[in-house]
Amino acid sequence: MVPAKHPRQPSPTRLALYNAVPSVLWSALSLGPLSVFCYQHLPRPWLYGLLAFSLLAYAVPKAWFSWWQLSRAPAAYRRLGVPLVNRLAQHGSVVNGLLRRRYPGYRRVSTGQSAAAVRAGSYHMERFHVAAGVFFLLVSVYAAVQGYGGWAAGLTLLNVSYNLYPIWLQQYLRLRLELGRREFRP
């Protein structure tokens, strides 16, 4: 019996499973404490109002994203440790390395079309983290005003790690795609 060879590319299901692990892990570590605070200390009308206000971030046009871009040079992101975040995030170096062990030919960005898909996805992820960041910020301010200093500080730190760094990561990834776009031209 001849052993079956692995296909060159993993299935979409396998990709989703591998990338779900860091996503669920980081979400649980950050959204868990936020949920506990909201459940214990945030009145429901405030919760719904802050959440609704935060969701307005989804209405921000893509053209505005360049206004809050940290830098046009990858070096600024490297100094802040954004590549480390890229190692530990979904579609990051660790996940891609594990996928390449089983599928040596796997590359997330291999064509101009895949680069365009990654770029479009990065805007979606940045929008999500902007909306979540606004919510974390508003809840942190509420906690500080209500005298929950420890909660305010903790939620602020979680906001930086769960939202600010991923926003910078999406900007960094788009910069890398922009700098490497010549590789994907036909």
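The values are calculated or read from the model by the stated rules, or taken from the named source; none is laboratory data. Keep in mind that what you see is a predicted model, and the values were worked out from it rather than measured. A quick note on method: Cβ atoms are made from the backbone with ideal geometry, for glycine too, and the neighbour counts reach across all protein chains shown. Accessible surface is based on the protein model in full, side chains and every heavy atom, while ligands, DNA and RNA are left aside. Shrake-Rupley method; radii C 1.70, N 1.55, O 1.52, S 1.80 Å.
Among the numbered conditions (1) surrounded by 15 or more Cβ atoms within 10 Å (Cβ to Cβ); (2) outside any loop (DSSP other than H, G, I, E, B); (3) touching a residue at least 60 places away in the same chain (Cβ under 8 Å), tell me where Pro10 comes up short.
Among (1) surrounded by 15 or more Cβ atoms within 10 Å (Cβ to Cβ); (2) outside any loop (DSSP other than H, G, I, E, B); (3) touching a residue at least 60 places away in the same chain (Cβ under 8 Å), the lone unmet condition for Pro10 is (2).
Going by what's in this entry, would Gly92 be described as open to solvent by less than 90 Å² (accessible area, probe 1.4 Å), within 20 Å of the chain's Cα centre (by Cα) and under 17 Å from Leu177 (Cβ atoms)? Quick ask: steps written out before the conclusion?
On the way: open to solvent by less than 90 Å² (accessible area, probe 1.4 Å): yes; within 20 Å of the chain's Cα centre (by Cα): yes; under 17 Å from Leu177 (Cβ atoms): yes.
Answer is yes for this residue.
Can you tell me which of Arg78, Arg44 is basic (Lys, Arg), under 30 Å from Tyr148 (Cα atoms) and at pLDDT 95 or above?
Result: Arg44 is the single residue among Arg78, Arg44 that is basic (Lys, Arg), under 30 Å from Tyr148 (Cα atoms) and at pLDDT 95 or above.
How many residues are surrounded by fewer than 13 Cβ atoms within 10 Å (Cβ to Cβ) and assigned to a helix (DSSP H, G or I) if we restrict to segment 56-71? Steps first, please.
At the first step, the residues of segment 56-71 found to be surrounded by fewer than 13 Cβ atoms within 10 Å (Cβ to Cβ) are 56, 58-59, 61-64, 66-68.
Those still in the list that are assigned to a helix (DSSP H, G or I) too: 56, 58-59, 62-64, 66-68.
Qualifying residue count, segment 56-71: 9.
For Gly49, only one of the following conditions fails: (1) small (Gly, Ala, Ser); (2) open to solvent by less than 90 Å² (accessible area, probe 1.4 Å); (3) at pLDDT below 95. What is its number?
The number of the failed condition is (3).
Go through (1) surrounded by 15 or more Cβ atoms within 10 Å (Cβ to Cβ); (2) within 16 Å of the chain's Cα centre (by Cα); (3) among the aliphatic types (A, V, I, L, M) one by one and return the number of the condition Leu84 breaks.
Only one criterion in (1) surrounded by 15 or more Cβ atoms within 10 Å (Cβ to Cβ); (2) within 16 Å of the chain's Cα centre (by Cα); (3) among the aliphatic types (A, V, I, L, M) is unmet by Leu84, namely (1).
It is to be established whether one or more residues within segment 137-154 are part of a helix (DSSP H, G or I) and under 19 Å from Gln90 (Cβ atoms).
Among the residues of segment 137-154, not one is part of a helix (DSSP H, G or I) and under 19 Å from Gln90 (Cβ atoms), which makes the answer no.
How many of the residues in segment 130-156 are farther than 16 Å from Ser54 by Cα and surrounded by 14 or more Cβ atoms within 10 Å (Cβ to Cβ)?
Taking segment 130-156 and keeping what is farther than 16 Å from Ser54 by Cα, we get 143-154.
In the following step, the residues that additionally are surrounded by 14 or more Cβ atoms within 10 Å (Cβ to Cβ) were identified as 143-144, 148, 151-152, 154.
Number satisfying all stated conditions: 6.
Do we find that Val21 is β-branched (Val, Ile, Thr) and either surrounded by 15 or more Cβ atoms within 10 Å (Cβ to Cβ) or closer than 24 Å to Leu155 by Cβ (or both) in this structure?
no
Regarding Arg174, is this residue open to solvent by less than 20 Å² (accessible area, probe 1.4 Å) and among the basic types (Lys, Arg)?
Yes.
Please work out which residue is modelled with the highest pLDDT, limiting yourself to segment 97-118 and to residues that are outside any helix (DSSP H, G or I) and open to solvent by 60 Å² or more (accessible area, probe 1.4 Å). Quick ask: steps written out before the conclusion?
Here is the first cut: in segment 97-118, the ones outside any helix (DSSP H, G or I) are 103-111.
Those left that are additionally open to solvent by 60 Å² or more (accessible area, probe 1.4 Å): 104, 107-108, 110-111.
Values: Pro104: 92, Arg107: 87, Arg108: 88, Ser110: 81, Thr111: 83.
Looking at the filtered set, the residue picked out is Pro104.
Do we find a residue being over 23 Å from Val85 (Cα atoms) and either at pLDDT 95 or above or not in a loop (DSSP other than H, G, I, E, B) (or both) anywhere in segment 15-23?
The answer is no, given that none of the residues of segment 15-23 is over 23 Å from Val85 (Cα atoms) and either at pLDDT 95 or above or not in a loop (DSSP other than H, G, I, E, B) (or both).
With the requirement that a residue be among the hydroxyl-bearing types (Ser, Thr, Tyr) and free of Cβ contacts under 8 Å to residues at least 24 places away in the same chain, what does segment 44-67 give you?
Tyr48, Ser66
Just to be sure, is Ala144 free of Cβ contacts under 8 Å to residues at least 12 places away in the same chain and of a type in the set (A, V, I, L, M, F, W, C)?
So Ala144 passes the test.
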